[in-house]
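Please treat every number below as a calculation from the coordinates, not as lab data. Given the structure is predicted, the values throughout are model-derived calculations rather than measurements. As a convention, Cβ positions derive from the backbone with ideal geometry for all residues, glycine included, and neighbour counts pool all protein chains shown.
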Amino acid sequence: MQPQQLHALGRDIVTRATAIVGLAGIALIHLLDSIGKFGETRYLFWMYVALMAGSLAVAGALLHLRDRRVWLAAGGLAASALAGYVLSRTTGLPAAHGDVGNWTEPLGLASLFVEGTVVALSGYAYALTRRTPAVALEPVTRAALRAAA
């Protein structure tokens, strides 16, 4: 395996792992916030459940598939959660106006950070896969790694 192929493979692994952790973080943040939503605004609770399920499904797809569309799904999912946060803090959502103006809630700030990171990373990975041919995933032996070093 050529050094540039090893570099591309390493970048691919790190990018995917970071996005998977970010998607799991989105699911966790919304799980923690969903407890109060069940009693307050039931439709928001079910939207959270859909977001959590979608986040875990896309994370699984990133783990197993090498398809640019999965990066679009990851970025779109995180962007939709970001948009929901902004709407809930500006105009409010139907039957849920309690968070209008509440920009400094710690869980909300964590959500903005993780979702923004996943959006940016997805955009980077999508653009990168457009320019770079896919790395052939051949078994990497110790001898191949020593030869590349």
Given H placed 1.01 Å from N in the peptide plane, which residues other than close sequence neighbours of Leu93 have an amide H under 5 Å from its amide H? none
Among (1) -0.37, -0.44, -0.83, -0.92; (2) -0.43, -0.50, -0.85, -0.92; (3) -0.32, -0.39, -0.84, -0.96, only one was calculated for this model; which label is it, if the read-out is log10 I(q)/I(0) by the Debye sum over Cα atoms at q = 0.10, 0.11, 0.16, 0.17 Å⁻¹? (2)
Using only helices, what value at 222 nm comes out for the chain when you add -39,500 (n - 2.57) per DSSP H run of length 4 or more and divide by the total residues, to the nearest 500 deg cm²/dmol? -27500 deg cm²/dmol
Once you put a point 7 Å from the Cα of Ala53 and another 7 Å from the Cα of Leu107, both along the Cβ direction, what distance in nm separates them? 2.1 nm
Nearest-0.05 FRET efficiency for Thr91 and Leu28 at R0 = 25 Å, using Cβ-Cβ distance, is 0.40
